[in-house]
Amino acid sequence: MAPQPSDLAFVPFVSVDHMMGLIHHIGIETLLCDLADAIEADFKRWDLFDKTPRVASHSDVGVIELMPTSDGELYGFKYVNGHPKNTKEGLQTVTAFGLLADVESGYPKLLSEMTLLTALRTAATSAMAARHLAPKGAKSMAMIGNGAQAEFQCLAFKAICGIDEVRLFDVDPAATAKCAANLAGQGLKVVSCSSGEESMEGAQIITTCTADKQYATILTDNMVGSGVHINAIGGDCPGKTELHRDILMRSKIFVEYPPQTRIEGEIQQLEPDHPVTELWQVITGQTVGRRNDKEITLFDSVGFAIEDFSALRYVLSAIQGTPFSTQLDMLADPDDPRDLFGMLQRSSQ
Ligand SMILES: NC(=O)c1ccc[n+]([C@@H]2O[C@H](COP(=O)([O-])OP(=O)(O)OC[C@H]3O[C@@H](n4cnc5c(N)ncnc54)[C@H](O)[C@@H]3O)[C@@H](O)[C@H]2O)c1
């Protein structure tokens, strides 16, 4: 009989079904708060991590990216795509999966779906940043772009920042209707708006989360009053931005990792040496965030590998003792490590 694989050959795998089970088990708002804390804790250890702009493969219709990092003990990467035209074909704009590995042995420790996890970690990161940057006591948020990410953003800002009203706008009214229906009964006042301007009335936080492979102008300069916090999510690729350049010139800009954001973020529209503040430095108290209640703060979010690493590590810990993973026979692991071929031969007997 062929030898059975060792325990190390089996890697816990979190499927989409398991991830949904885990989210319901923990509760989405608790999970968003936990993730925000986990990401914030890792931003406090910023220096420890390997950092590189993500590796992007562009086509005319989208991008496929790899996002690696390591803290010296664990290594993680995410595979993620961005294809704005996909929804018209019944497909998701963004899908993802990711892996965590043990740096000591190089053996994987977790393989997970990350489409849902990306929505959660993006929302948790946005709200964590706003916790540091948004005007104190902010209660109302404009949510522009009501696609796959939108509800996650709204719930994260409720749970983490205390937002109690969201003002929805999308060029496609069906997306707004979907988002409003999904948010009903979640403890938020939901206002569906028919223009971007209307969505911003009375809002202290403006989230832009649209998908379009072009230099779009979701916000023009005259739409943005003083003192607001802008959470710009959708501009995350070369040639794909959401804000008019004049808004950037009036804002104090916060970024995740400048070498990546200068390629992908709203600031690709600015000179390469335009001053920006790294979010981790605000979190560690090395620099100030918002300086006064008139300032426009802008989180120019593109999504950085450390956020995915934090999310995967959180999931690895959260699945322990739960039914929300299966063991995947993923690694060839012969009894004699040099006898890979022998293992193959014996498997036919
Ligand atoms: N920063 C990050 O970390 C991060 C993470 C994940 C996704 N994203 C980006 O966030 C964006 C949204 O992702 P998604 O999965 O929700 O996409 P989606 O395609 O599901 O939704 C996008 C929505 O934007 C709307 N839209 C397009 N142009 C608009 C406009 N001019 N005004 C108002 N609405 C408009 C569309 O109708 C659609 O409903 C994408 O661009 C994606 O690449 C960023």
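The values are calculated or read from the model by the stated rules, or taken from the named source; none is laboratory data. Being a predicted model, the structure only gives us computed values, none of them experimental. Cβ placement follows ideal geometry from the backbone for every residue including glycine, while neighbour counts extend to all protein chains displayed.
Below is a table of values for the structure above.
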| read-out | value |
| --- | --- |
| Answer residue from segment 152-174, given it is among the charged types (D, E, K, R) and more than 9 Å from the ligand (Cβ to nearest atom) and is farthest from LYS136 (Cα to Cα) among those | ARG167 |
| Top-ranked residue of segment 206-261 - restricted to ones that are within 11 Å of the ligand (Cβ to nearest atom) and of a type in the set (Lys, Arg), ranked as surrounded by the fewest Cβ atoms within 10 Å (Cβ to Cβ) | LYS213 |
| Residue pairs meeting the criteria (Cβ under 7 Å; at least 6 apart or on separate chains; first surrounded by 17 or more Cβ atoms within 10 Å (Cβ to Cβ) and at pLDDT 95 or above, in segment 121-139; second of a type in the set (Asp, Glu) and in a helix (DSSP H, G or I)) | ARG121/GLU307; ARG121/ASP308; THR125/GLU307; MET128/GLU40 |
| Any hit, segment 226-245, residues being out of contact with any strand residue (DSSP E or B) (no Cβ under 6 Å at 6 or more places or on another chain), of a type in the set (Asp, Glu) and at pLDDT 95 or above | no |
| Matching residues, segment 1-33, being in a loop (DSSP other than H, G, I, E, B), within 26 Å of ALA332 (Cβ to Cβ) and at pLDDT 85 or above | SER15 |
| Any chance PRO108 is at pLDDT below 95 and not basic (Lys, Arg) | no |
| Selected residue [surrounded by 15 or more Cβ atoms within 10 Å (Cβ to Cβ) and part of a helix (DSSP H, G or I)] from ALA56, ALA36 | ALA36 |
| Given (1) more than 17 Å from the chain's Cα centre (by Cα); (2) on the phi < 0 side of the Ramachandran plot, number of the condition THR115 does not satisfy | (1) |
| Index of the failed condition, ALA203 passing every other in (1) modelled with pLDDT of 95 or more; (2) part of a loop (DSSP other than H, G, I, E, B); (3) in contact with a helix residue (DSSP H, G or I) (Cβ under 9 Å, 6 or more places away or on another chain); (4) away from the ligand (no atom under 12 Å from the Cβ) | (3) |
